[in-house]
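So the structure is just underneath, and the comments pick up after that.
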Amino acid sequence: MTHGQTRLIRMALVAIVAALSMVSCGEKSDTVNPAAFARGWKKYDGVNFTLYAPANSPRPRRGLEATVKACDDIYDLVARELKITTDHDIKIYMFTSSEDCEAATGKPANFVDGFTICTKLGAPLGGLVAEAVCNSIDPEAKSFPLIRDGVRNLFDLRDVNVQLEAAARRDKSSWPTLENMLYKQSCDDKDVYQYASASFVAFLIARYGTDQFKMLWRSVLDLRPSIEKIYGGTIPQMEEEWFRMQDRLAKRT
């Protein structure tokens, strides 16, 4: 049997176990059950995180311990920037590949499920950590895809001037209007959307503060009325103010 055949069989078995674990009354659960795929995995403890990795992970123990330390550093950044902390121990399940993650969980690789992060070796962790911490605002809140994407992208791009980069991309034909972002939560150009969503969330936090951001995160209204009620402006007014901040901050560099 070839290495490729062995790998396919292993992935199929993992998928079967995961699927069986998620079946309840004939329906597939939205919640991932790590116990279905993490038996025998190694455990690495941090201050705010516990990381689990397969026993045969190609990354050495020292590297995984460094990853946990890096996540704790990102946690401190999120706590400082967003004024959010959590008493929950955030668990990270780090697969060796996207394929393994998808086969085991039944979801796209690199996602957050409450206070559980499922990802792969080498994937950016800043945004995943930020999203998991933000879930402590209200563990039951669904929030909005645009706002979750914006938080994740903002902290994945934490070493970048997102307003400068967003302003540089705003003249592209693929730049989405705020109206479009509210409902489509994306655009055809993934690079543009990454900076647009990060820039918009950064604008909300910088301009209006973290209290309103937390209200938006847990709002049960649709996104448009939530923004208009919490921030007191129409969508065109918010977009104009957002662009003004973009241009102002872009000129500082």
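Pairs linking a residue in region 22-39 that is more than 15 Å from ASP113 (Cα to Cα) to a residue that is at pLDDT 85 or above, with Cβ atoms under 7 Å and 6 or more positions apart or on different chains, are PHE37/ALA104; ALA38/TYR52; ALA38/TYR93. On the stretch given as region 58-88, residues that are touching a residue at least 24 places away in the same chain (Cβ under 8 Å) and not in a helix (DSSP H, G or I) total 8.
Table: residues versus (1) hydrophobic (A, V, I, L, M, F, W, C); (2) modelled with pLDDT of 95 or more; (3) within 26 Å of ASN180 (Cα to Cα).
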| position | (1), (2), (3) |
| --- | --- |
| PRO58 | no, no, no |
| TYR75 | no, yes, no |
| ALA130 | yes, yes, yes |
| ASN153 | no, yes, yes |
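Taking region 180-212, which residues are touching a residue at least 60 places away in the same chain (Cβ under 8 Å) and closer than 22 Å to ASP247 by Cβ? So that I can check it myself, show each step before the final result.
Taking region 180-212 as the starting set, the residues that turn out to be touching a residue at least 60 places away in the same chain (Cβ under 8 Å) are 205, 210.
Scanning region 180-212 gives a single hit, ILE205.
Tally the residues that are β-branched (Val, Ile, Thr), modelled with pLDDT under 95 and buried (at least 18 other Cβ atoms within 10 Å of the Cβ), restricting the search to region 176-208. Spell out how you get there, then give the answer.
In the first step, residues of region 176-208 are kept if they are β-branched (Val, Ile, Thr); the result is 177, 192, 201, 205.
From what is left, the residues that are modelled with pLDDT under 95 are 177, 192.
If we keep only those that are buried (at least 18 other Cβ atoms within 10 Å of the Cβ) too, we end up with 192.
Matching residues across region 176-208 total 1.
Scanning region 124-162 for residues that are acidic (Asp, Glu), in contact with a helix residue (DSSP H, G or I) (Cβ under 9 Å, 6 or more places away or on another chain), under 17 Å from GLY114 (Cα atoms) and surrounded by fewer than 22 Cβ atoms within 10 Å (Cβ to Cβ) yields GLU131, ASP138.
The values are calculated or read from the model by the stated rules, or taken from the named source; none is laboratory data. The model shown is predicted, which means the values in this text are computed figures rather than measured ones. With ideal geometry, Cβ positions are generated from the backbone for all residues, glycine too; neighbour counts draw on all protein chains shown.
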